[in-house]
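First up is the structure itself, then whatever we jot down about it.
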Amino acid sequence: MNMAMSARSVQFAAFWLLVLGPGIPRVCPDTGPVAVRGLVVGPDGKPLAGANIYVSTATATNRTEPKVRATSGPDGQFAFQPTQAEVDTNETIVAVTQGLGACWAELAELDKTGHLPPLRLVQDDIPIMGRVLDLENEPVGNATVRVIRVRRMASEDLTPWISDLQGAGRKSLFDLERARTLMTYERLMKPVWGILGIPASVTTDADGRFRLSGFGRERAVELVIEGPGIESRQMTVVTRKEVPAGLPPFIYGARFDHRAAPAKPIVGNVREMGTGKPAAGVEVHCAFVSGSGALTDISPVIGSKATTDGQGRYRLDGVPKSKQYVLGTAGGPYFAAVRFMNDSAGLEPITADFEVERGLQIRGRVIDKVTRKPVRGIVDYFPRPDNPHLKDYPSLAQVSKNTAPIEKDGSFVLVVLPGTGWLCARAIEDRFVRATVRGENGKLPVVLELSRYHAILAIDVPKQEAEQLAYEVSVDPGHTLTGTVTGPDGAAVSGVSAVGLTAAYSLVQLSPPKVKLSTAAFTAFGLQPAEARYLVFWNEDKKLAKAVLVRGDQTGRVAVQLEPFASAAGVLLDSQGRPEAGLKVEARYSSRQSDVLPGELAAGIPGLGGPTLPSPQATTGPDGRFRLEKLIPGMPYDLFVRRGKTDCRLREDCVLAGGECKDVGEIKPEQASTGGTR
Amino acid sequence: MKDRQPSNVPPCWSRYTPSAEMPWDVRRVVHLHRRATFAATWREVRRDLEEGPQASIDRLLAAKGGMHGEPDRFAQTADALADSAMGSGDPGRLKAWWVYRMLNSPDPLTERLTLLWHNHFATSNLKINDLAIMRRQNEIFRRHARGRFGTLLRAVVRDPAMLIWLDASVNRKGHPNENLARELMELFTLGISQYTEKDVKEAARSLTGWTMEQGAFREDPSQHDDGAKTILAQTGQWNAEDLVQLLLDHPATAQRLAWRICDLLMGEGTVRSAAVAALAEGLRARNLDIGWAVETVLRSQAFFAPANLGSRVLEPVAYVVGAARALELAKPAPSSMVLADWCGRLGQDLFYPPNVGGWPGGRSWISPHTMIGRANFAAALLETGLVRQARPVDVLALPKCYGRGEDVGAVLAFYSELLLGSVLDPTVQEQLLGSADSRKSATPQTLRRIVARLLASAEAQLG
């Protein structure tokens, strides 16, 4: 599998996680189908009568208007009986009334007595008024503006999200910093996929204008704009009159002009390999390659997919004209197929035909091991490299794995090979232990990165009865630790960045996710008894940090007292003892720590490398001196120097105390070893 | 219009005065616009014909052009397009932005000069890989396009695009990297054989300490080699600023600058070395004032001399944008992204010059492959309009609008004048008209094919 394919795999997996919804790590109470009770209040906080209450079952593609389940009484109270299925799938309860913006909460937010948090409706005085123009500044009439979902902060204030997005800068849509910010707020911003009374879509007039209202203030409304001859584009509109400058692309205030690039239609036929029969019901989607050659922009995928008709024909509209297109198929009893197509001149369609290979369609379900409730996310299938059937499926050799989303009820459908392989589940809620595979060391394919998954199930699929089988994959919430972050004075500190609170790596970066704590409290999820894990906390503004090593079997709250950053200084000399100037020195988390842990911690410490954790750097001065600042007290570091293209380790396992300035002394080349790790 | 003339014009750049031998005619109006802008509409041709050369050139210099007068809020729209290009991360949108500017700017001369500087300081996004940085460099070219060359040079060499492109950040005291120093001398100022290898090494030492931090220029004194250096036979503790001044003061820089301007505005083999030297001398006397040199050439007898007419191969951008502009394709306008894509297919990919030397230009633009490409472009332009929802161009609309005949011959004559500035040679005309049948049945499709053939003709590749 080449790098582009690898990037694509991560991209689509990340895309599914974004599309499927939020990943709020939480421990769900076993509510059962008790009656739901709640209170609706107005913008002034007073009880509001006459608000309609319904359960939103809308999805990105299904917008059936639901029935009203209750209406708030004169005291603002309401009650209704949810179904067990609604509870299991954690549906969203929405309160709506004319003239105010809706409010909503998830069933998982019910307390033990069946009460939801109060639903506070908001002022609805900021309609979305947009205009669609092309790159020639001409209005685009008859474009469709679809409402994908609406999100809100529990605080009803989007300022923290907007501030963090400003930090991400005006970067491309697939910029990692931006993706990380979005992922963080996916967990914090409560979504609803449809609101009663708000149309699922509107159309632009001849002047390219459209208007949408009813969302209320401080809402982040996700829209897709698609239309004749223009690219399909997803965007977020903030229901504020103005948004600050410096936000990432396609995040707009309530009044905005959207400039749509021209689209390049892609048409073709999909046929079954071997028989040549038309393959109906196969989805064809498109990512595209930017001018720099990198895969870019996951969002147009939403608007850039089509399904083959009975003759196997498809037509993709809304793909932005680009240098190259990456086309993929999915669905039906077929393995995914991929084609790279170069652009042609102009805006006339290009043709991309596919031959898809039939596999075995299996079904399954992903559940929480403890509660046995469904868990949403994605499932990847990897064949075992020694599966004898692999040689008969050249298309699987090309993509190396198959991916399917896990639906709300935990079910998935996946096309696999006969014989042996692995089902790898990744939940949206990143609160489960990391996957392990016993006795398979050295046998897993390189592309099967254990740290990405919450569970892996080895399977052996019989050729004949595959479609009668149902696989159950359970994800283990493991042990949870809670704690509090305080400053040197013992006072609680909020706004701290933290790494290590979840077990699995981020799909986007293949490194432990970084979160920003809104309060001083934290929860570490997915610990296993035989595991040690560093929890790392830091706040650059306050110049405080601390790393603590916790064990999976420990109990009680974890108290983390931040300390001033530490530093390390030294002198680099050449073999003749002369100072070496201009060399870059870097402190990195010492992955060797796993070698020096007590033997009973068999699972070792998950790596903490990667871009989420600060890696202080310094350059040696004319006298060969360097000083590394902002080292995290309690964290083990290796110090490296870069000579040419080689990293040489200078010192190993330096652990510093808060505020300490460690003098590592004079270091000559012969005292450094080559072969650093990142 | 104010009748003005750049002061102290060298004799070989004496002012053009219409005469019986060199009348102010359609040919010369079209010539002026094909060289100095991206072609003229017929309305502009007629207006300039009526007002005379001085007023026409005054208008160009005063930035009062534009396809249909100044489009509403042109600058605001252009900025919004650039912002959206940055946001998308798609280089195609940045190219589209620039093509939009070329088509619609009220100052097409400056856009033409911006393209000149893009080629002179050729920097490719292939290495930079940052649209914001490429846009910023492009804005520098535009801002200083007609100003003092020293101001332009200083702005360009301190800008992140050039610092990244020529590896300035690895040019450190004790470890000089010669890339920026070499190109600064060879391509940006003196030209080849005007310096020695020793000069390059010493210049690289002068440039140490110029680096970047968080996407912005930074001078790092700790990385600067402040020892004595001898550059171009002058010794001192030169730093980067000193080096730039040494280069600006050198006569070869004025000579190269004069050559660069003549390379744009004068045809192949139409300017003598003495004329270039005279222009260079004038530039030196005026602190390398680019605007003065451009004005001097545009107002000159040499510029409008018969030898200079139709004697320069149009680069793809001028060919593509010029065609769309002259044909007044505005409602709906052709896709600027598609036009930019065509420029790339014909060999001039905006923001992606092939190397630090830029596009070779001249006859290198023409090959069997590119001629077929140009013919395909002409056909696509006429048959689809290059708009989002393909719409053939109504080639009768313009002759009708301007009161010209609508039969095949009249239509061809009109477009010949519009695109080439002259009626075609009868033999060429015969070839373009094709079979007798097509002349009789002048369907819209036949007319489009004839205009497409005209655009693809050898004559239409010269400007």
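Residues A:CYS648, A:CYS103, arranged from fewest to most other Cβ atoms within 10 angstrom of their Cβ, appear as A:CYS648, A:CYS103.
Relative to 2.2 N^0.38 Å, what does the C-alpha radius of gyration of segment B:133-291 come to as a ratio? Two decimals please.
Details: Rg = 16.0 Å, N = 159, 2.2 N^0.38 = 15.1 Å.
Against the empirical 2.2 N^0.38 Å value, I get 1.06 for segment B:133-291.
Using R0 = 35 Å, the C-beta based FRET efficiency linking B:ASN8 and B:GLU139 works out to 0.65. Each residue, A:MET129 and A:ALA470, gets one label point 7 Å from its Cα in the Cβ direction; the gap between the two is 5.4 nm. Averaging 1/r across all pairs of distinct Cα atoms in segment B:86-201 and inverting the result yields a Kirkwood radius of 15.3 Å.
Can you tell me the FRET efficiency between A:GLN81 and B:GLN76 if r is taken as the Cβ-Cβ distance and R0 is 45 Å, rounded to the nearest 0.05? List each step's numbers first, then the result.
Details: r = 57 Å, r/R0 = 1.26.
That gives a FRET efficiency of 0.20.
Look at where the Cα atoms of segment A:67-116 and of segment B:279-311 average out, and the two centres are 78 Å apart. Taken residue by residue and averaged, Cβ atoms of other chains lying within 10 Å of the Cβ of A:129-141 number 5.
Dividing the Cα radius of gyration of segment A:452-546 by its Kirkwood radius returns 1.18 for Rg/Rh.
Quick one: which of A:251-260, B:447-456 comes out on top by average Cβ neighbours within 10 Å, and what's the full order, highest first? Display every interim value, and only then the final one.
Values: A:251-260: 20.2, B:447-456: 22.2.
Going from most to least packed, we get B:447-456, A:251-260.
Label reach from A:SER411 (point 7 Å along Cα→C-beta): in segment A:445-474, amide nitrogens under 19 Å belong to A:466-474. Would you please state the base-10 log of I(q)/I(0) at q = 0.11, 0.14, 0.23 1/Å for segment A:336-416, with intensities from the Debye formula using one equal scatterer on every alpha carbon? Computed log10 I(q)/I(0) values: -0.46, -0.65, -1.06.
Annotation: peptides A:453-465, A:572-584, ranked by per-residue average of other Cβ atoms within 10 Å with the highest first, follow the order A:453-465, A:572-584.
Want the number for B:VAL428 to B:ASP167: 0.36 nm per residue separation, take away the alpha-carbon distance, what's left?
Values: separation 261, 0.36 × 261 = 93.96 nm, distance 5.14 nm.
Separation in residues times 0.36 nm, less the Cα-Cα distance, equals 88.8 nm.
Per-residue Cβ counts within 10 Å, from other chains only, averaged over A:260-268: what number is that?
Working: counts 2, 11, 11, 1, 2, 0, 0, 0, 0.
Mean number of neighbouring Cβ atoms from other chains: 3.
How many percent of all Cα-Cα pairs in chain B sit more than 31 Å apart? Of all Cα-Cα pairs in chain B, 45 percent lie more than 31 Å apart. Evaluating kT/(6 pi eta Rh) at 20 °C and 1.002 mPa s, with the Kirkwood radius of segment B:318-397 over Cα pairs in the Stokes-Einstein relation, gives 160 µm² s⁻¹.
Extension gain B:THR196-B:ALA20, at 0.36 nm per residue separation less the Cα-Cα distance, in nm? Walk me through the numbers on the way to the answer.
Working: separation 176, 0.36 × 176 = 63.36 nm, distance 5.08 nm.
Extending this stretch completely gives an extra 58.3 nm.
With each label modelled as a point 7 angstrom along the Cα→C-beta vector, the A:SER155-A:THR480 pair spans 2.2 nm. Local charge for B:TRP365 was computed over the other residues whose Cβ lies under 11 Å away, with Lys and Arg +1 and Asp and Glu -1, and equals +2.
Across q = 0.07, 0.10 Å⁻¹, the protein assembly as shown modelled as identical point scatterers on its alpha-carbon atoms has Debye log10 I(q)/I(0) values of -0.81, -1.37, in the order of the q list. For the peptide A:343-350, the mean number of other protein chain Cβ atoms found within 10 angstrom of a residue's Cβ is 6.
Quick check: net charge around A:ASP663, other residues with Cβ under 13 Å of its Cβ, Lys/Arg +1 and Asp/Glu -1? Provide the component values of the computation, followed by the final result.
On the way: positive: A:ARG625, A:ARG627, A:ARG651, A:LYS662; negative: A:GLU660, A:GLU666.
Charge balance near A:ASP663 sits at +2.
Per-residue packing, averaged as other Cβ atoms within 10 Å, sorts the ranges B:132-141, A:229-238 into the order A:229-238, B:132-141, beginning with the highest.
Efficiency by 1/(1 + (r/R0)^6): what FRET value for A:ARG313 and B:GLN445, r their Cβ-Cβ distance, R0 = 41 Å, to the nearest 0.05? Kindly include the intermediate steps, with their values, before the conclusion.
Working: r = 29 Å, r/R0 = 0.71.
Result of the calculation: an efficiency of 0.90.
Annotation for B:SER367 and A:ASN142: the two label points, set 7 Å from Cα along the Cα-Cβ direction, are 4.2 nm apart. Scanning residues 5 or more positions from B:ARG218 or on other chains, those with amide H under 5 Å from its amide H are B:THR211, B:MET212, B:GLU213, with H placed 1.01 Å from N in the peptide plane.
Read the figures in this text as sums done on the coordinates, not as results from a lab. Quick caveat: nothing in here was measured; it's all calculated off a predicted structure. With ideal geometry, Cβ positions are generated from the backbone for all residues, glycine too; neighbour counts draw on all protein chains shown.
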